[in-house]
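The values are calculated or read from the model by the stated rules, or taken from the named source; none is laboratory data. None of these values were measured; they are calculated from a predicted model. When we count neighbours, we look across all protein chains shown, and the Cβ atoms used for this are built from the backbone with ideal geometry, even at glycine. Heavy atoms of the whole protein, side chains included, go into the accessibility calculation; ligands, DNA and RNA do not. Shrake-Rupley method; radii C 1.70, N 1.55, O 1.52, S 1.80 Å.
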Amino acid sequence: MDEINWSLLWPLLALQVLLAVIGLFSLRRTEATRGPKWLWVFILIFGNIIGSIAYFVFGRKDI
Amino acid sequence: MRGMWIFSQKEMLELVRSYKLAWIPVVFIILGIMQPLTTYYMPEILKASGNVPPALLESYEMPGAAATMAQALGQYGTMGLLVLVLAGMNSLSGERYSGTAELVLVRPVSMISIVFAKWVAQLILLAVCLGFGAAVAAYYTGQLIGDLSWMLVIFATGIYGLWLLCIQSLTLLFSAFLRGPVAAFMALLSAAALSLLNSFLPNWLEWTPASLPAYSAQLLTEGSKSMGSALTGSLVSAGLLIILCIIGASLITGRKKLID
């Protein structure tokens, strides 16, 4: 267990990136969000999984 | 019947267009990966956090594969449930506020077909999320911790899923007469109240749907021999609760005046 097994960890990172990318894609397609759009871009990129969930639940007007 | 089919198609389209069928399964898969990983790397995490006495680190015992899988399912009962309820909270009330309800309700369609179509959409969403999530969690647990019986994992996931479906149905019922966030709050509150009551009076309430998570964990750790008639009681009461929710939601949606 001394070294980290990256073959098990990278899917986790890839999925988080995928979640943020889905969020950014939907942000690009949507007309209006709750709160300013640039803020959601920021939250999606730096907010990790919680940021992405927050965008999908609270950011989108047509949930 | 034709109306129900058309509404189901519409609901599926909505799941896709609102990205729910994409982001919620991804969240479930992430949760499923995270639980076995944190269990496996717990000594490292504790060491990295610094102020843990070495004696405690020595005494850390890795939970078995079955216990880890049960914990992973437990994640779906908290974070997963929260996400599912928040995603489903506007399913009926949203139709009123967006104005589609007026367009639909002036036509001779039965309320039950609308509500049932929404429920089917929720069921499909749950099945996709839990199917992928539990499969990934079982794979990671198998790789990192130890062997699992696939049959037991499938049944335990199904039992857990029925509990989640009960709460989704409650969300649907509440969203028939409450605004979205209030409906979500009420559904989560009743889920919490049911589980709390169940943990206080486990012997009296073993037949309620709230016992399903416990049975799911028990099935994983102790095998199928230990399951008694209480499980049957829980399955039946869960089914009844779901049917009541669907009927109740369609009665309320049909009667209630539309809010401006």
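Descriptive notes on the structure:
- Residue match in segment B:1-18 (condition: closer than 24 Å to residue B:158 by Cα and among the acidic types (Asp, Glu)): yes
- Yes/no for residue B:87 being free of Cβ contacts under 8 Å to residues at least 24 places away in the same chain and not β-branched (Val, Ile, Thr): no
- Qualifying position, being in a helix (DSSP H, G or I), touching a helix residue (DSSP H, G or I) at 6+ places or on another chain (Cβ under 6 Å) and at the interface with chain B (Cβ under 10 Å from one of its Cβ atoms), among A:24, A:19, A:44: A:19
- Search result, residues across segment A:47-63 that are within 11 Å of chain B (Cβ to nearest Cβ), under 14 Å from the mean Cα position of the chain (by Cα) and either on the phi < 0 side of the Ramachandran plot or loosely packed, with under 12 Cβ neighbours inside 10 Å (or both): A:49, A:50, A:52, A:53, A:54, A:55, A:56, A:57, A:58, A:60
- A residue that is within 14 Å of chain A (Cβ to nearest Cβ), out of contact with any strand residue (DSSP E or B) (no Cβ under 9 Å at 6 or more places or on another chain) and of a type outside the set (A, V, I, L, M, F, W, C) occurs nowhere in segment B:197-213.
- Just one of the listed residues (B:133, B:77) is under 16 Å from the mean Cα position of the chain (by Cα) and within 12 Å of chain A (Cβ to nearest Cβ), and it is B:133.
- Taken over segment B:80-109, the criterion of being open to solvent by 60 Å² or more (accessible area, probe 1.4 Å) and away from chain A (no Cβ under 12 Å) is satisfied by B:102, B:103, B:105, B:106, B:107, B:108.
- Some residue of segment A:22-29 being crowded, with 16+ Cβ neighbours inside 10 Å and of a type in the set (Phe, Trp, Tyr): no
- Residues (open to solvent by 20 Å² or more (accessible area, probe 1.4 Å), hydrophobic (A, V, I, L, M, F, W, C) and more than 8 Å from chain A (Cβ to nearest Cβ)) located in segment B:7-46: B:7, B:12, B:13, B:16, B:21, B:42, B:45, B:46
- The residue of segment A:27-41 that is farthest from the other protein chains (Cβ to nearest Cβ), among those that are at pLDDT 90 or above and in contact with a helix residue (DSSP H, G or I) (Cβ under 8 Å, 6 or more places away or on another chain), is A:41.
- Complete set of residues in segment B:47-64 that are open to solvent by 50 Å² or more (accessible area, probe 1.4 Å) and either facing chain A (nearest Cβ under 8 Å) or of a type outside the set (D, E, K, R) (or both): B:48, B:49, B:50, B:51, B:53, B:54, B:55, B:56, B:59, B:60, B:62
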